[in-house]
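Here the structure comes first, spelled out in structure tokens, and everything after it is commentary.
The values are calculated or read from the model by the stated rules, or taken from the named source; none is laboratory data. Remember, it's a predicted structure, so these values are computed and weren't measured experimentally. Here Cβ is always computed from backbone atoms with ideal geometry, including for glycine, and neighbour counts include all displayed protein chains. Surface areas here come from the heavy atoms of the whole protein model, side chains and all, with no ligands, DNA or RNA. Shrake-Rupley method; radii C 1.70, N 1.55, O 1.52, S 1.80 Å.
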Amino acid sequence: MKRVMIIAGEASGDLHAAKLVREVKEKNSDISFYGIGGKSMSDAGVDTLVDSAELAVVGLFEVLAHWNTISGALKKMQHLLRTDPPDLLVLTDYPDFNLRLAKTAKECGVKVLYYISPQVWAWRQKRVFKIRKLVDMMAVVFPFEENFYKQYDVPVRFVGHPLVDEINVTNSINSLKDEFLLDNEKTVIGLFPGSRQSEIKRLLPIIVESAAVITKEKP
């Protein structure tokens, strides 16, 4: 049986990695998955050795506060790569953690597939050189990402965005406004602070304050 270590360090990665695992298992049931993930990956049949909810942090201070947990998870996965290497390492976003793990995999001769790219095209673009050195294939979800990586001679393939299969638009804007008792004549703004507890705690109060300002200016 082929063994794949798969890593997702946050809620969105857990969701997308779980979908990937299900698709792979449909095509070949003779593959086992283990690594870091959440409930979605566990439900998909991944042996989750570390709960990704413990690693989903944002910002320097929060990283420092959870450093022992994050460092412990990294060392655990590095140890497994060295002592019992899998046939493949699949990384999902979460770059600061995953690129360190990719380095260990490379040292151990384990192939690395990166599914869902870090936003290197938007910030800290120099990471692309590290990716070129450590990753065997990028599987990207936006067409422009494929063009970006090709510029730097990184092996890449556009595979489509997983949410395309998840979201089935059946309602019109007006029908949804009616359902939620919203005025058809008014602009509607959605407030989305993020998926992590830290994001909600830090960002939601600011977003609500912003909404109050907008409402006052444009009632």
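Count, please, the residues in region 163-200 that happen to be part of a loop (DSSP other than H, G, I, E, B) and open to solvent by 100 Å² or more (accessible area, probe 1.4 Å). I'd like the intermediate steps shown before the answer.
Initial filter on region 163-200 (part of a loop (DSSP other than H, G, I, E, B)): 167-172, 180-196.
From the residues that got through so far, the ones that are open to solvent by 100 Å² or more (accessible area, probe 1.4 Å) too are 167-170, 180-181, 185-187, 189, 192.
Of the residues in region 163-200, 11 are part of a loop (DSSP other than H, G, I, E, B) and open to solvent by 100 Å² or more (accessible area, probe 1.4 Å).
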Condition (residue is loosely packed, with under 10 Cβ neighbours inside 10 Å and touching a residue at least 12 places away in the same chain (Cβ under 8 Å)) applied to region 204-212: is it met by at least one residue? no
Within region 42-56, the count of residues that are open to solvent by less than 40 Å² (accessible area, probe 1.4 Å) and closer than 15 Å to Ser195 by Cβ comes to 3
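Mind listing whichever residues of region 95-154 are of a type in the set (Ser, Thr, Tyr) and surrounded by 14 or more Cβ atoms within 10 Å (Cβ to Cβ)? If you could, list the steps in order and put the result at the bottom.
Of the residues in region 95-154, the ones of a type in the set (Ser, Thr, Tyr) are 104, 114-115, 117, 149, 152.
Matches in region 95-154: Thr104, Tyr114, Tyr115, Ser117, Tyr149.
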Across region 84-98, what is the number of residues that are at pLDDT 95 or above and closer than 13 Å to Lys130 by Cα? 0
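Suppose the filter is over 30 Å from Pro86 (Cα atoms), aliphatic (A, V, I, L, M) and more than 23 Å from the chain's Cα centre (by Cα); does Ile200 pass it? Reasoning before the result, please.
Numbers: over 30 Å from Pro86 (Cα atoms): yes; aliphatic (A, V, I, L, M): yes; more than 23 Å from the chain's Cα centre (by Cα): no.
When the stated conditions are applied, Ile200 does not pass them.
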Look at region 82-94 and say how many of its residues are in contact (Cβ under 8 Å) with a residue 60 or more places away in the chain and surrounded by fewer than 17 Cβ atoms within 10 Å (Cβ to Cβ). 1
